[in-house]
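The values are calculated or read from the model by the stated rules, or taken from the named source; none is laboratory data. Treat the numbers as computed from the prediction; the structure is a model and nothing was measured. Neighbour counts run over all protein chains shown; Cβ positions are idealised from the backbone, glycine included. Surface accessibility is based on the protein's heavy atoms, side chains included, excluding ligands, DNA and RNA. Shrake-Rupley method; radii C 1.70, N 1.55, O 1.52, S 1.80 Å.
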Amino acid sequence: MKFIKVDSYEKLSRQAANIISAQVIIKPDCVLGLATGSSPIGTYKQLINWYEKGDIDFSNTISVNLDEYVGLSGDKDQSYRYFMNNNFFNRINIKKENTFVPNGCAEDLNAECEAYDAKIKELGGIDLQLLGIGLDGHIGFNEPDDSFIKNTHVVDLHESTIEANSRFFASRDEVPTKAVTMGMVSIMQAKKILLIANGQNKKEILEKAFFGPITPQIPASILQLHPDLTVIYSEN
Ligand code: F6R
């Protein structure tokens, strides 16, 4: 594991964007595993900036996102599909049909989960997976549990996650209580993993996840077993 500490969110975002752009330049038709949330916003901004300057071309790139709320369609501004379109996809030249986000409104959610795993497999797996980390150690929406869950699945969000995510909603009651999330197999089978985190409040969970025992009670701790993991952290 490479653990890189930087002193600003700007530097974190630039370094993360550097790793992603190197991946796209080396393999233009790569599969990027992408995340939503506050952490990657600066990374996406930096990538958009380089795209606008003509330095990166996403026309052959494919993306698969980690997760989506159950019950929020892509046109709802709190949905993760909307977030990705708004913060990244609409502002670069990736083909919309090459961007995959789980459908949290699927009539048969179990079938949707199976189809999502099959899609990732058909694409040949993920070349580079970008991750954030929740305050309880979740990655994607793999919440603390008694065991690691392998496949894409529907999950009940923990109270702390609902609380943390309520900042994106008008009120806490509007935060969906369930989500569809990629499981640990697709994440761990990614060829490279890049986890980014910023802020004092992430310090303790990062210590537990990357310098403590591997346990499903801290889902991100499994990443210690990945052969090509980079963590970038900025306290500010
Ligand atoms: C989002 C996701 C989540 C977030 C995590 C951290 O797609 O998978 O695991 O990465 O909740 O969120 P932020 O970056 O908002 O602190």
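Structural remarks
- Scanning segment 125-140 for residues that are farther than 18 Å from residue 63 by Cα, crowded, with 21+ Cβ neighbours inside 10 Å and of a type outside the set (Gly, Ala, Ser) yields a total of 2.
- Residue list for segment 91-135, filter: more than 16 Å from the ligand (Cβ to nearest atom), in a helix (DSSP H, G or I) and out of contact with any helix residue (DSSP H, G or I) (no Cβ under 9 Å at 6 or more places or on another chain): 97, 98, 109, 110, 111, 112, 114, 115, 118, 119, 122
- Filter result for residue 79 (under 19 Å from residue 139 (Cα atoms), open to solvent by 10 Å² or more (accessible area, probe 1.4 Å) and modelled with pLDDT of 95 or more): no
- Residues of segment 148-157 classified as open to solvent by less than 70 Å² (accessible area, probe 1.4 Å) and farther than 19 Å from residue 105 by Cα, total: 2
- Residues satisfying the stated conditions in segment 162-213, i.e. open to solvent by 80 Å² or more (accessible area, probe 1.4 Å) and within 13 Å of the ligand (Cβ to nearest atom): 163, 167, 168, 200, 201
- Close pairs (6 angstrom Cβ cut-off, 6 or more residues apart or separate chains): in a helix (DSSP H, G or I) in segment 159-176, acidic (Asp, Glu) anywhere: 160/136
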